[in-house]
Amino acid sequence: MDLNTILTQLDTENDENIEMLLLQYNRENSHTFTFDQNEVDLRSELCQGLLRVLGRPVRPLCQSTCLETLRILSRDKRALGPVATREGMLVLARLAQLRGGEGEEGGDGDGCAFPQGEPQTEEEERVVVEALKCLCNVVFNSAAAQQVGAEVQLAQGLCSRLQTARAGRHEVGLFSLRLLFLLSALRPDVRGGLCRDLHAVRLLTEVLQRTLEVRWVGPYEAAPPDSQAQAIPAEDNERAMEALKALFNLTLSDTGDQDSEPQLRLITAIMRHLLMLRTQTEEKTEEAHSHAINLLSNLPVSCLEVLMDVPVQGGQEEYGGRNMDAVQVLLDFMEKRIDKQGANYREGLTPVLSLLTEGSRHHREIRRYIKTQVLPPLKDVNIRPEIGTTIRNKLVRLMTHVDMGVKQSAAEFLFVLCKESVDSLLKYTGYGNAAGLLVARGLLAGGRGETQYSDDEDSDTEEYRSARPFINPITGHVEEPGPNPIEEMTEEQKEYEAQKLVNMFDKLSRQQLIRPMGVRRDGTLAPLEEALRAPAEDSCNSDSD
């Protein structure tokens with residue numbers, strides 16, 4: 001479709017011709033995301049022309065068609081100049097029927113009024129949805145539009161919409177939430193205003209409660225989902241995901257305000273409810289759990305006790321009467337992410353590892369439960385810790401992952417499960433796998449981390465105690481005895497090989513390819529000559545964890 005042909009028709013008063021040309025353009029370019037660079041000026045001029053048409057009192061069908069064209073054009077960042085202006089953003093905001101921002105009284109400065117509130121017909125709803133989609137694209141692609149959006153108080157209009165939105169208007173609510181997410185992600189000042197002035201955390205919490213149909217049976221305790229109940233409808237799940245993403249942005253800032261703790265504990269209870277729900281597909285369920293975990297990671301660690309404080313559903317006596325169903329869901333999620341082929345561990349796995357680590361560090365019952373699942377008492381020590389299909393084997397393999405963040409997260413998780421005891425960690429992982437963490441924490445000489453833990457713990461199994469003297473501390477398992485390579489050497493041959501090895505190390509050291517290191521008294525690494533001048537103390541006594 002020739003853009004010049006469309007441009008010549010936009011200034012006419014014939015709405016039907018404009019609709020016909022734009023519909024053809026929309027069909028041809030509905031899946032176009034890469035545009036001809038030579039036509040940037042024409043596309044920019046077309047955006048300007050579409051805004052002029054939208055500023056006239058045209059029928060809803062013509063408005064929605066123009067907005068669909070504008071949405072396609074807004075995929076090109078270079079053509080957004082006319083739209084990313086105050087006038088352009090106000091036109092889109094009014095067509096989206098956003099109340100509370102500038103221009104609330106209606107009109108675009110030329111005396112043209114637009115309806116406010118909720119769309120009443122399908123045609124009106126389509127206009128609102130297309131306007132919201134355009135705003136999402138423009139805000140995402142243009143820093144100038146983000147600035148204008150903050151100035152004309154789009155966030156205030158969105159909050160007003162979410163307070164009064166009817167349940168039946170799915171796409172209106174969905175794209176309102178998505179635009180709120182984009183504004184809160186891209187504009188820290190908008191994020192602050194949403195929290196302080198618009199009480200958006202409470203508002204989004206209410207949206208989640210309505211969408212997920214949460215029924216409260218006690219303080220911070222939602223009624224358990226019926227095992228025979230249907231999965232969350234796809235539309236409800238979509239809106240919930242957008243609300244979770246926006247809440248994540250809003251809770252990124254300091255959430256330690258004492259007055260906000262009841263609200264944050266309420267969010268934790270809703271997250272527990274969400275973790276126990278299922279959606280239409282396993283993939284969507286995993287996505288919902290991922291967003292819930294990301295949000296939980298932002299909340300104060302004290303709120304995590306809400307995850308297991310569910311007396312109506314029954315608890316487990318060995319864990320202080322606490323209910324561990326939600327913790328088990330988190331563990332299952334973690335193992336699925338580990339097993340996922342080709343997954344991005346940094347984005348997909350480290351959030352749940354960090355959440356479980358902090359929960360285990362600060363909540364004794366969570367740590368005790370997770371340890372029984374991840375680090376049960378050792379029995380078979382004839383296989384290396386990183387070999388096998390148990391969750392312990394998988395986590396130990398991650399301790400030597402190429403990604404430093406993943407490696408540190410997995411090691412820290414296991415270290416906390418061992419109550420930050422070096423001896424206990426080495427028992428389950430071997431020195432070779434744990435060396436990176438011990439170097440980073442200055443614990444090569446043994447000892448414990450800084451966190452204080454309770455004294456309760458399990459004892460070693462009979463199988464482990466009998467095999468312990470034969471375990472190779474580096475590999476963490478009992479090795480089959482191999483042939484002694486120097487058994488048949490004469491003393492002269494042994495001396496020759498030893499001197500040869502010394503010469504090789506000396507050459508590498510003088511060329512600074514390697515640097516011999518030792519362990520200081522405080523457990524940190526130091527050049528060998530320095531470490532020898534201050535020999536390290538004996539390691540702390542073994543912990544019976």
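The values are calculated or read from the model by the stated rules, or taken from the named source; none is laboratory data. What you are looking at is a predicted structure, and each value in this text was computed from that prediction instead of being measured. All Cβ positions, even for glycine, are placed from backbone atoms using ideal geometry, and neighbour counts span all protein chains on display. For accessibility, only protein heavy atoms count, side chains too; no ligands or nucleic acids. Shrake-Rupley method; radii C 1.70, N 1.55, O 1.52, S 1.80 Å.
Worth a mention:
- Prolate/oblate/rounded label for the stretch 340-472 (Cα gyration tensor, a/c 1.5): rounded
- Backbone N under 15 Å from the Glu497 label point (7 Å along Cα→Cβ), restricted to the stretch 442-486: 482-486
- The stretch 34-88 gives an Rg/Rh value of 0.97, both radii derived from C-alpha positions and Rh following Kirkwood.
- Mean separation of Cα pairs under 8 Å and 6 or more residues apart, divided by the residue count, gives the stretch 256-389 a relative contact order of 21 percent.
- By average C-beta atoms within 10 angstrom, highest first, the peptides 139-145, 411-417, 45-51: 411-417, 45-51, 139-145
- Shape call, the stretch 127-259: gyration tensor on alpha carbons, a/c limit 1.5: oblate
- Here the chain was treated as a single set of alpha-carbon atoms; its pair distances binned every 10 Å from 0 give 3, 15, 20, 18, 15, 12, 9, 6, 2, 1, 0 percent.
- Whole-percent pair-distance distribution, where bins are 10 Å wide, for the alpha carbons of the stretch 265-306: 31, 51, 17, 1
- Dimensions (Å) - the stretch 476-522, Cα atoms, principal axes, largest first: 34, 33, 20
- Where only DSSP H runs of four or more residues are counted, the chain gives -17500 deg cm²/dmol as its mean residue ellipticity at 222 nm, each run worth -39500 (n - 2.57).
- Lys, Arg +1 and Asp, Glu -1 on Cβ, resulting dipole of the chain about Cα centre, debye, nearest 20: 460 debye
- Contact order, relative form, for the chain: 8 percent (alpha carbon pairs under 8 Å, 6 or more residues apart, mean separation divided by residue count).
- Whether the stretch 255-405 is rounded, prolate or oblate, judged on the alpha carbon gyration tensor where a/c under 1.5 counts as rounded: prolate
- Met404/Glu13 FRET efficiency (R0 51 Å; Cβ-Cβ; nearest 0.05): 0.20
- The solvent-accessible area of Tyr345, taken with every protein chain present and a 1.4 Å probe, is close to 50 Å².
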